[in-house]
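In what follows, a single structure is set out as structure tokens and then discussed.
Computed from the coordinates by the stated procedures, all read-outs in this text should not be read as laboratory data. Just so it is clear, the structure is predicted and the values come from calculations on it, not from any experiment. Counting neighbours? That spans all protein chains shown, and the Cβs are built from the backbone with ideal geometry, glycine included.
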Amino acid sequence: EYYYLGTQLPIDIFLTFYYGHPGFHMLVILPIQVFVVTMVFIRSLQGQLPICQYNSAGQHISPSGCYNLSPVFSWINRCIVSIFLVFLIAYLP
């Protein structure tokens, strides 16, 4: 039998697919959970650590001992926007 993803399956075929492939679901869910937990930990640093600030010329204007996490935060924002963009494109008719 063929399983057509994105269609409505009868309950017996759906449960056969779901319970017959537990490794597949763990393989999909685990990286998502690791990504989300990592993003939460990195974002929690923003409130606890002094973040370096730069002017438009690229000169350092913050006190010493700061952490240059602004590239990390911009990378996180780009990742989240790209994830939503992929989901939006995937579900367009």
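Is it true that residue 49 is of a type outside the set (Val, Ile, Thr) and in contact with a strand residue (DSSP E or B) (Cβ under 7 Å, 6 or more places away or on another chain)? In short, yes.
Report yes if residue 62 is among the hydroxyl-bearing types (Ser, Thr, Tyr) and either in contact (Cβ under 8 Å) with a residue 60 or more places away in the chain or not in a helix (DSSP H, G or I) (or both), otherwise no. Taking the combined requirement at face value, the residue satisfies it.
Beta carbons closer than 9 Å, at least 6 apart along the sequence or on distinct chains, pair a first residue in segment 34-47 that is within 17 Å of residue 67 (Cβ to Cβ) and in contact (Cβ under 8 Å) with a residue 12 or more places away in the chain with a second that is outside any helix (DSSP H, G or I) and not small (Gly, Ala, Ser) for 42/69; 45/51; 45/67; 45/69; 46/69.
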